[in-house]
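Accompanying notes for the structure given below.
Only the coordinates and a few stated rules stand behind these numbers; no lab work does. The structure presented is a predicted model; accordingly, all values stated were derived computationally and were not measured. Every residue, glycine as well, gets a Cβ built from its backbone with ideal geometry; the counts of neighbours run over all protein chains shown.
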Amino acid sequence: MRDAVLLTAALLACTAGMGWLALAMDDHWAQVRASAPSRAQALRLRVLGATGLLVGLALCLRVDHASMAVLVWVMALAAAALAVAQVLSWRPRWLRALAWVAG
């Protein structure tokens, strides 16, 4: 049960990280907000995105040994990237929950 919770948290961290990295791009930010992000906002989003992906890796490493954890993490990255891409193409406003962090 504990492993399932940690892996779910890893998937959520990777999804948030991919969302923040996507929002750091001008076009995706404009889909969610009507303006372009400032340099400070874009930098904050990139740092948050990288942190989210690293937290996902750390959680995967907590559950399994290194070789399996990296495999699970790469699969979580792929699933997160697909989910964020689908949200951006279908309902980009859903990413407003992630955009408030950047201001």
| message | Less than 17 Å from a label point 7 Å out along the Cα-to-Cβ axis of LEU43: which backbone N atoms in segment 61-103 qualify, by residue? | response | 102-103
| message | Order 79-89, 49-59 from most to least packed using the mean count of other Cβ atoms within 10 Å. | response | 49-59, 79-89
| query | Could you give the semi-axes, largest first, of the ellipsoid that matches segment 2-102, computed as the square roots of 5 times the alpha carbon gyration tensor eigenvalues and rounded to whole Å? | reply | 26, 13, 10
| query | Mind checking which helices in the chain clear 27 Å along their axis (Cα) and have mean Kyte-Doolittle hydropathy of 1.6 or more, DSSP H runs only? | reply | 66-90
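Summing -39500 (n - 2.57) over the DSSP H runs of n ≥ 4 in the chain and dividing by its residue number, what mean residue ellipticity at 222 nm do you reach, to the nearest 500 deg cm²/dmol?
Details: 5 runs with 83 residues, N = 103.
So the calculated ellipticity at 222 nm is -27000 deg cm²/dmol.
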